[in-house]
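Beneath this line is the structure, given in structure tokens, with notes to follow.
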Amino acid sequence: MDAISVNSLPPVGLLGLFQVKTDGATPRPMKELQWTFDCTEYFVRGSEQIIKGDAVAVANAVGVTLLTVGGIAMAPPNGKAWLLTGLTGVCVTTVTDYRRGRIVAFEGQSAANTYIALTDETASKAGAAAAGVGAALAAMRAQDRPVLIRPGNQLAWITLETIGAGAVTVTPTARLIEFPY
């Protein structure tokens, strides 16, 4: 009978393959640090666009107002997604009115669905405006950027608190990169 050579070494596993297997020994500290940072925004900066939405009349009650651009829903088109790198909303009120709210993205184009808050809450202050107009700015926090908005999601303004019955509008502006999804 011929001699059969048998490999008595265990197979190289994933830890051995990456040379991080310590055979039960205490891991040694790394002698050098590996720094990383997200370069996504820098690589796509050339294709960034700014979209200014319509001045949308806000209902005089707690509720949701869907945002539009040129009368069409402020949402990524079918087959596209938006990487939001900035977002603001200006809520303009009369001098006696007060609104508190934020801009959100709804999962699907229905205000009954769940949403993602895109800006901090903001409030217009009644009586604090010059020339009879008060304004509040809802802005996207730097640590929350960028945010992916998928096809089928829509941007909206949620009014959380309201005082007064005057005309109130919200005008959104989004800085984004559009790409196939």
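The values are calculated or read from the model by the stated rules, or taken from the named source; none is laboratory data. Please read these numbers as outputs of a predicted model, since none were measured by experiment. Because the Cβ atoms are built from the backbone with ideal geometry, glycine has one as well, and the counts that use them run over all protein chains shown.
I'd like to verify a number: residues in region 134-174 that are surrounded by fewer than 18 Cβ atoms within 10 Å (Cβ to Cβ), touching a Ser or Thr at 6+ places or on another chain (Cβ under 7 Å) and at pLDDT 85 or above, how many?
Adding up the residues that qualify gives 1.
Which of the residues spanning region 32-66 are at pLDDT 80 or above and either over 30 Å from Thr94 (Cβ atoms) or assigned to a loop (DSSP other than H, G, I, E, B) (or both)?
Going through region 32-66, the residues at pLDDT 80 or above turn out to be 47-58, 61-66.
Within region 32-66, Ser47, Glu48, Gln49, Gly53, Asp54, Ala55, Val58, Ala61, Val62 qualify.
Name every residue in region 67-99 that is of a type in the set (D, E, K, R) and either surrounded by fewer than 19 Cβ atoms within 10 Å (Cβ to Cβ) or within 19 Å of Arg145 (Cα to Cα) (or both), in order of residue number. Can you show your working first?
If we filter region 67-99 for residues that are of a type in the set (D, E, K, R), which is where we start, we get 80, 97, 99.
Passing the criteria: only Lys80.
Counting just the residues of region 85-133 that are over 19 Å from Met74 (Cβ atoms) and β-branched (Val, Ile, Thr), which one comes out modelled with the lowest pLDDT?
Only one residue tops the list, namely Val133.
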